[in-house]
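The next block holds one structure in the form of structure tokens; read it before the comments.
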Amino acid sequence: MAADGGEGMTADVAVLGAGMHPWGKWGRGFVEYGVAAARAALADAGLDWREVGSIVGADTVRGGYPGYVAGATFAKALGWQGARVTSVYAACASGAQAIDTARVQILAGRADVVLVVGADAAPKGFFRPAGGDRPDDPDWLRFRVLGATNPTYFGLYARRRMAVHGDTMEDFAQVKVKNAASGVLNPYARYRKRVTAEEVAASAMVADPLRLLDICATSDGGAAVVLSSMEFARRRGVVDPVRIRAVSTVTPRYPSTVLDLPEIATDSAVAVASATETFRASIARTAYDEAGIGPEDLSVAEVYDLSTALELQWYEDLGLCGEGEGAKLLREGATAPGGRIPVNSSGGLASFGEAVPAQAIAQVCEVTWQLRGTAEDRQVPGARVGITANQGLFGHGSAVIAVR
Amino acid sequence: MSRTRTPVVARWFAGDGENFSLLGTRCRACASVFFPREDVRCRNPGCQGADLEEVPLSRRGRVWSYTDGRYRPPSPYVTDPELPWEPYTLIAVELEAERMVVLGQAVPGVTPAELAVGMEVEVVPGVLHEDTETVWTTWQWRPTGVRA
Ligand SMILES: [Zn+2]
């Protein structure tokens, strides 16, 4: 790749360290998971915490406000040492916005080394909105008025794909089979057991046509990365680090004509024509534009498989195949290990469950290990370029492109 | 003692029988339509409009997609924990004139097995839940019998 971080302008930052606390239901506080991940990332980077000039936390939200203000909470737990501190909240994209904040601080010369941490201790059962009577909050309204849980939205998308593109429930099950097989190989995954299509079909229906094993769980977990300037990495003798080359955090464009969480209706396209590009596709395209690459350059991709059907949608939104061809790409084995573009080599959310502020950082950890060639039994041979993609509530989404 | 009938959200729908409809708003400057209603500003980024009028939405539309809730949703959805959970169906409906999709519960008894993308449905008044003083009303989608 070009832009070696040498003389002249570069927008690259180095990933010096990546670390995670295993996902699960451990019953402990999120600070513990975050600190464990942070220490693992610092050890991986070969850095003392006191060398870190800035810490960015992806907020852990309880009751509609951050349970603690994440950046400061992790800084205090690691030991106050005077670092610049920032906390960000962007629903499921919180971790990617935290990474982007760190990157911008480095590129602006405000810090040489930045620690990014996200961690969550998830509640039991469905995610639910904060309490109280809050009819000005669309997230509260969709539960109050419709009882519309997150899985019901996933069910709507899945049924729409079946009607428009001819996807089948068997296709959806095969996404779970693929991701579960990768999760078996990942020591940080919560579910490390192979799953068969028959087991998916035999699991309880949650939101027609999606069954329990089509839908990701909610988990405890923590993830962290240590980012630095290319100059700092070179001074430390890291000659060929994984580099983050693009972070996309764009909003939708009006009128948004896909029924996204937590909305009760789409925008109307009666006065302004809807964009030719969907929100998710625009997230990926913005990252490709910034990195100066295209989908044909990718070695690996980590996508937000909140449901099995949504993974197929991401294939199309990332440009791995044409619209409506996601299931075909899966059936051909292109997205499985050994395929043209392995997707979710980590095991995906199917194997992890979602730990909201940690998840987008965990995606970057997996891509980092893949590009370093240290992903052990999950390794995609010769991986050089990776993308992560996610989408969350309230018009948040992200994509990160890393290269080596 | 008669209980009061109260909309689960004020000013989102009105009328009875054939006159029942969802209520949106329309920007007088750019004609953008909003549901849930915007009353103080237009959300079109190319419009500075702040004058919005109430408009009834089309009573009929086509099924964009559908699903159901097989498990009891958490609060603030109101259910009786003493009673077994009865799954209900959700339908996302494409309104042709407004060029938008609006979600709603199906009338009780309609299951996903009876639905198809493209099928025609109409909006009807329904009851979300009842307590000792109040019958909480809502909108529901009902198939008209016209297939795609
Ligand atoms: Zn307007």
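The values are calculated or read from the model by the stated rules, or taken from the named source; none is laboratory data. Computed from a predicted structure; not experimentally measured. Reconstructed Cβ throughout: ideal geometry from the backbone, glycine too, with neighbour counts over all protein chains shown.
Every listed requirement among (1) within 14 Å of chain B (Cβ to nearest Cβ); (2) more than 21 Å from the chain's Cα centre (by Cα) is met by A:Asp171 save one, (1).
Identify, from the list A:Ala173, A:Ala163, A:Ala181, the residue that is closer than 25 Å to B:Thr111 by Cβ and surrounded by fewer than 19 Cβ atoms within 10 Å (Cβ to Cβ). So that I can check it myself, show each step before the final result.
On the way: A:Ala173 fails: surrounded by fewer than 19 Cβ atoms within 10 Å (Cβ to Cβ); A:Ala181 fails: closer than 25 Å to B:Thr111 by Cβ.
One residue alone meets the criteria, A:Ala163.
Checking each residue in region B:17-33 for being more than 19 Å from A:Glu263 (Cβ to Cβ) and within 14 Å of the ligand (Cβ to nearest atom) picks out B:Arg28, B:Ala29, B:Cys30, B:Ala31.
In the condition set (1) within 16 Å of the ligand (Cβ to nearest atom); (2) closer than 20 Å to A:Glu263 by Cα, B:Leu90 is compliant with all but (1). Assessment of region B:76-95 against the conditions (farther than 19 Å from A:Pro209 by Cβ, facing chain A (nearest Cβ under 8 Å) and surrounded by 18 or more Cβ atoms within 10 Å (Cβ to Cβ)) yields at least one matching residue. Would you check which residues across region A:9-24 are modelled with pLDDT of 95 or more and not in a strand (DSSP E or B) and list them? Within region A:9-24, A:Asp12 is the sole residue that qualifies.
Criterion first (surrounded by fewer than 21 Cβ atoms within 10 Å (Cβ to Cβ) and in contact (Cβ under 8 Å) with a residue 60 or more places away in the chain) does A:Leu107 satisfy it? When the stated conditions are applied, A:Leu107 passes them. When restricted to residues that are part of a loop (DSSP other than H, G, I, E, B) and within 19 Å of A:Ala98 (Cβ to Cβ), region A:347-385 contains 1.
Output the residues belonging to region A:262-304 that are hydroxyl-bearing (Ser, Thr, Tyr), within 14 Å of chain B (Cβ to nearest Cβ) and crowded, with 24+ Cβ neighbours inside 10 Å. Full working, then the answer.
Start the filter on region A:262-304 by keeping residues that are hydroxyl-bearing (Ser, Thr, Tyr), which leaves A:266, A:268, A:274, A:276, A:278, A:282, A:286, A:288, A:299, A:304.
Now drop any that are not within 14 Å of chain B (Cβ to nearest Cβ), which leaves A:266, A:268, A:274, A:278.
Within region A:262-304, A:Thr266, A:Ser268 meet the criteria.
Just a yes or no: is a residue in region A:70-78 β-branched (Val, Ile, Thr), closer than 21 Å to A:Leu42 by Cβ, outside any helix (DSSP H, G or I) and at pLDDT below 95? No: zero hits. Applying the condition of being within 14 Å of chain B (Cβ to nearest Cβ) and within 19 Å of the chain's Cα centre (by Cα) to region A:86-133 and asking which residue is modelled with the highest pLDDT yields A:Ala122. Candidates in region A:255-269 are the residues that are at pLDDT below 95 and in contact with an Asp or Glu (Cβ under 6 Å, 6 or more places away or on another chain); of these, the one that is nearest to the ligand (Cβ to nearest atom) is A:Ser256. Residue count for region B:38-57 satisfying the condition of being touching an Asp or Glu at 6+ places or on another chain (Cβ under 8 Å) and crowded, with 18+ Cβ neighbours inside 10 Å: 2.
For region B:49-74, the candidate set comprises residues that are part of a loop (DSSP other than H, G, I, E, B) and within 7 Å of another protein chain (Cβ to nearest Cβ); within that set, the residue that is nearest to the chain's Cα centre (by Cα) is B:Pro73. Screening region A:134-160 for residues that are more than 8 Å from every other protein chain (Cβ to nearest Cβ) and outside any helix (DSSP H, G or I) and picking the one that is surrounded by the fewest Cβ atoms within 10 Å (Cβ to Cβ) gives A:Asp136.
Every listed requirement among (1) within 11 Å of another protein chain (Cβ to nearest Cβ); (2) surrounded by fewer than 20 Cβ atoms within 10 Å (Cβ to Cβ); (3) in contact with a strand residue (DSSP E or B) (Cβ under 8 Å, 6 or more places away or on another chain); (4) modelled with pLDDT of 95 or more is met by B:Val9 save one, (3).
Residues in region B:34-48 that are within 9 Å of the ligand (Cβ to nearest atom) and at the interface with chain A (Cβ under 10 Å from one of its Cβ atoms): B:Cys42, B:Arg43, B:Asn44, B:Gly46, B:Cys47.
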